[in-house]
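Step one of this worksheet: look at the structure below.
All of the numbers you see were taken from the coordinates with simple rules; none came from a lab. Predicted model, so just to flag it, every value in this text is computed and none were measured. Every residue, glycine as well, gets a Cβ built from its backbone with ideal geometry; the counts of neighbours run over all protein chains shown.
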Amino acid sequence: MPKGYLVGELEVTNPAGYQQYSSKVPAIIAQYGGRYLVRGGEAKLLEGGSGSAGRNVVVEFDSPEQLMKFYNSSEYQAILPHRLNNSTGRVKCVAGFEG
């Protein structure tokens, strides 16, 4: 069974507003069995596009279905506007295998 990976590439446009999201999301991720593999840190764009690499996040879940349970949960949906209103970018669900 493949794992579910939440992959995000974000540019934070309002750090104070984004803090309301980033302070609450780790507990919700843990509640749904997710674990951070990458959270923030310096990134260097090697190929494609232009501009900075922004803030990058990779979260592993036991399955794509579990990731979607997290994403669609009432807990996550309640804080999602804080991310959407204070950052730009994209977030996707990737089904994959370890190794």
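Observations
- Between M1 and K69, the modelled labels are 0.9 nm apart [label points 7 Å from Cα along Cα→Cβ].
- Dipole magnitude for the range 1-87: about 180 debye, using +1 per Lys or Arg Cβ and -1 per Asp or Glu Cβ, origin at the Cα centre.
- Residues within the reach of a label modelled at L37 (point 7 angstrom out along Cα to beta-carbon, backbone nitrogen below 15 Å), restricted to the range 76-99, are 92-99.
- Sorted largest first, extent of the chain alpha carbons per principal axis (Å): 36, 32, 17
- Distance in nm between pseudo-label sites at Q77 and E98 (7 Å out along the Cβ direction from Cα): 3.2
- Pairs with C-alpha atoms separated by more than 20 Å, drawn from the list K3/K44; K3/K69; K3/K24, are K3/K44; K3/K24.
- Estimated from helices alone, the mean residue ellipticity of the chain at 222 nm is -10000 deg cm²/dmol (sum of -39500 (n - 2.57) over DSSP H runs with n ≥ 4, per residue).
- Relative contact order (%) - criterion: Cα under 8 Å, at least six apart; region: the chain: 52
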